[in-house]
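Let me begin by presenting the structure, written as C-alpha cells, before commenting on it.
The values are calculated or read from the model by the stated rules, or taken from the named source; none is laboratory data. Computed from a prediction, not measured in an experiment: that's the story for all the values here. Backbone-built Cβ (ideal geometry, glycine too); neighbour counts: all protein chains shown. These accessible areas exclude ligands, DNA and RNA; they are computed on the full protein's heavy atoms, side chains included. Shrake-Rupley method; radii C 1.70, N 1.55, O 1.52, S 1.80 Å.
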Amino acid sequence: MTAASAAHPHERPLDTPADWWRQATVYQIYPRSFADANGDGIGDLRGIISRVPYLASLGIDAVWLSPFYPSALADGGYDVADYRDVDPRIGTLDEFDEMVAALHAEDIRVVVDIVPNHSSDQHEWFQAALAAGPGSPERARYIFRDGKGPGGGEPPTDWESLFGGPAWTRVPDGQWYLHLFAPEQPDFDWSNHEVRADFLHTLRFWADRGVDGFRVDVAHALTKDLTEPLPSKAQLEAIARGGDHPIWDRDEVHEIYAEWRKVFDSYSPPRTAVAEAWVERHRRPRYASPEGLGQAFEFDLLTAEFEAQAFREVVDDSLELAGISGSSSTWVLSNHDVVRHATRYGLPPLDKPVGSTESEDKQGRAWILAGAPEEALDRDLGLRRARAATLFELALPGSAYLYQGEELGLHEVGDLPDEARQDPTYFRSPGVDKGRDGCRVPLPWTTTGSSFGFGDDGAHLPQPEWFGASSVEAQDGDPASTLSLYREALRLRRSLQSAERLEWLEEFTRGDVLAFARPNGWVCVTNFGDEPAALPDGEVLLSSAPLDGDRLPGAATAWLRAS
Ligand code: GLC
Ligand code: CA
C-alpha cells in the first residue's frame, strides 16, 4: 500500500470504560418525535423505553437525547423552564431512571443535552427577574439593559437574533433583555456566580442519575463582554472571532468548561461532553481538549458538498485538529438543525452566501434548502449518495453521531403545510427560511396505521404518505434496505474498529474516488462520481450499492478487508 498518512498520534487501548466515547456511534433521539406511548401525538420516555430493543438492534454505543425538560416549546425544547426535571408531557424522573436502566442493560450509554446559554422565559429565575425589577439580583442572572432614545424606547443596540428579528425585547417596566435566539430564550449572564453554580448542580444532578455524557448547546456563546459602549450590529460583525469578540467564542468561556471538567472527572468513569460550537476550525481544539469538554462536533463534513476533494480535506483537517486537542474526531452528517443528508445530496448547490462567517453561511444555506421546491430534488440520487457518505463516515477514525431516521434513509419533509410549522426560524425569518421542522417529523415505525406506528393518535407534525414505505416495518429484514445497511455497517464497525488512524490509498484515491485503510486492514472506498471505479484487492464486506461486476459504481462506498 502506498500511503500519505493522516495519522492520529494519540493512541490508547480501546474499550476501556473511560475511553468508551472515542470511537462511539451515538444515535440522536429527538424525544418529541421518536415514539409516542400514550397517544397524545408527542413522543415520550415510555416510547423510548418501548423501543430499546430497536436501539439495541442497531448496534449503537450511546443515545443522545435532545431536551426533554419542561418547556413551553418556543424552540422545540431548547427553551428550558427547569433543567432538573422532565416535561410532564414526555414523562417523569422515575421513567427517566427506568429508561437509563433499560439502555444501560443493553450497553447503550446515555447523553443528555445541556442548554446553558439561555433558559426559557418561563424559567422561575426569569419570572423572578421580571417581578423583581431593574437593578435587582434576580435581574443580574440575565442580561438586562436600559434602552436608548427618548424614554429608553429603543433597544440598547441594533443587534439581530439568530432566528431573525431584534435580539432585545422590552419588558413592561421599560428595560430590555438580550436573547441571541427567540425572545422566549433570554440569555444568562455567565459572569453571575449563581448561574455558574446552578449549572454545576444540574450536571451533577444528571450524572448522579447515571447519565454518561452531555451535549452542550451553543457552547461558544456563554461568556460575553457587554461593556459600554456596545458596538453596532455592523461593528459587531466586523470584529474577528479570535477570542475577544464580544459574544462569540471568547477565550474565557473555557474557564467554565475547566470547572465542568472537574465535575465530569469526579465520576467513574468520567462523564463525557461534546460541544456544539460553530467556530472557526483552528478554534475548535480548545473545546475538544481533555481539560475542557473533551469533544466538539465537526460540522465540516455536514457542510461539505458530496465531492471527493472536499471530503478529503475535511478528513485531513479534522484528524489534524484531533491530534492537537487529544480528542477523537466527531463526525456528523445529519441532526435536528439541518436538512437531512439524503435530501441535501439530492439538491443542486445553493450559491448565495447567507452568513457572516463560513460556517454560518453553510449552516444558513442548509436551512434555506429545507424549502427548496420538490422539482429540484433528485430523491434517488440523494439517498444513494447518503448511503455512500454514511459508510464513508462510519469507517473514519473517531466517533459518529447519527440522527434518528437517517437509518431509514429518510428524506426531509420539505412540503409541510405552513400552518403545521413550529420552528421559530420559520416565523421569524418570516417564512423565507422554512426552518427545521422538516427533519423533526415523527418517525414511521409501521407501513400503515395511525401515524405509521409513532403513536395511537396522530403526530405533532404531519407525516407524508411516503413515510409508510420508509418505515422500520417496511425495511426490517430486507437486506437491500437502508436500515439493514446501517445495522450491518455498525456490526462490522465494531469488529473492524482499531486505532484512530487512517492511510489514504493514493493508488486508488484519484479523481472522484477516495480510498483509505484503517489499521487491521479495514479499507473504505467511496466513488463520488458517475463512472465505475476499480477496487483494491480484498474481500468486499459491505457496499452501499450493488457492485458493477468487480467495480464500484458511482455514488457508492464499499468496505473491504485488504488481502
Ligand atoms: C442549538 C440547537 C438548536 C437550538 C439552538 C438554540 O443550535 O441545536 O436546535 O435552536 O441551539 O438553543
Ligand atoms: Ca406521548
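Structure notes:
Results for (1) of a type outside the set (A, V, I, L, M); (2) modelled with pLDDT under 95; (3) open to solvent by 20 Å² or more (accessible area, probe 1.4 Å), shown as yes or no for each residue.
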{"site": "PRO13", "(1), (2), (3)": "yes, yes, yes"}
{"site": "TRP21", "(1), (2), (3)": "yes, no, yes"}
{"site": "ILE29", "(1), (2), (3)": "no, no, no"}
{"site": "SER33", "(1), (2), (3)": "yes, no, no"}
{"site": "ILE42", "(1), (2), (3)": "no, no, yes"}
{"site": "LEU45", "(1), (2), (3)": "no, no, no"}
{"site": "ILE48", "(1), (2), (3)": "no, no, no"}
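- Of all residues in segment 296-321, those satisfying the criterion of being more than 18 Å from TRP278 (Cβ to Cβ), touching a residue at least 60 places away in the same chain (Cβ under 8 Å) and in a helix (DSSP H, G or I) are ALA308, PHE311, ARG312, VAL315, ASP316, LEU319, GLU320.
- Test: residue in segment 192-209 that is within 16 Å of ligand 1 (Cβ to nearest atom), at pLDDT 95 or above and in a loop (DSSP other than H, G, I, E, B): no
- Qualifying positions in segment 74-119 - surrounded by 20 or more Cβ atoms within 10 Å (Cβ to Cβ), part of a loop (DSSP other than H, G, I, E, B) and within 16 Å of ligand 2 (Cβ to nearest atom): GLY76, GLY77, VAL86, ASP87, ILE90, GLY91
- Residue match in segment 541-561 (condition: in contact with a Pro (Cβ under 7 Å, 6 or more places away or on another chain), under 16 Å from GLU488 (Cα atoms) and not in a loop (DSSP other than H, G, I, E, B)): yes
Listed here are the residues, each with its yes/no results for (1) acidic (Asp, Glu); (2) within 16 Å of ligand 2 (Cβ to nearest atom); (3) in contact with a strand residue (DSSP E or B) (Cβ under 8 Å, 6 or more places away or on another chain).
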residue	(1), (2), (3)
ALA167	no, no, yes
LEU178	no, no, yes
TRP206	no, no, yes
ALA219	no, no, yes
GLU228	yes, no, no
PRO231	no, no, no
HIS254	no, no, no
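- Failed item in (1) crowded, with 20+ Cβ neighbours inside 10 Å; (2) in contact with a Leu (Cβ under 8 Å, 6 or more places away or on another chain), with ASP212 passing the rest: (2)
- Answer from ARG170, ARG141 - the residue that is surrounded by fewer than 17 Cβ atoms within 10 Å (Cβ to Cβ) and either in contact (Cβ under 8 Å) with a residue 40 or more places away in the chain or within 19 Å of LEU226 (Cα to Cα) (or both): ARG170
- Scanning segment 17-42 for residues that are farther than 17 Å from GLU406 by Cβ, touching a Lys or Arg at 6+ places or on another chain (Cβ under 8 Å) and within 16 Å of ligand 2 (Cβ to nearest atom) turns up ARG32, ALA37, ASN38, ASP40, ILE42.
- Failed item, numbered, when THR303 is tested on (1) away from ligand 1 (no atom under 15 Å from the Cβ); (2) open to solvent by 10 Å² or more (accessible area, probe 1.4 Å): (1)
- Look at (1) within 16 Å of ligand 1 (Cβ to nearest atom); (2) among the acidic types (Asp, Glu); (3) over 22 Å from ASP437 (Cβ atoms) and you find that ASP97 fails only one, number (1).
- Qualifying residue in segment 439-459 (condition: under 24 Å from the mean Cα position of the chain (by Cα), away from ligand 2 (no atom under 16 Å from the Cβ) and of a type in the set (A, V, I, L, M)): no
- Subset of segment 321-334 that is of a type in the set (S, T, N, Q) and open to solvent by less than 10 Å² (accessible area, probe 1.4 Å) - its residue that is nearest to ligand 1 (Cβ to nearest atom): SER334
- Number of the exception - PHE508 against (1) farther than 20 Å from GLN309 by Cβ; (2) open to solvent by less than 60 Å² (accessible area, probe 1.4 Å); (3) assigned to a loop (DSSP other than H, G, I, E, B); (4) among the hydrophobic types (A, V, I, L, M, F, W, C): (1)
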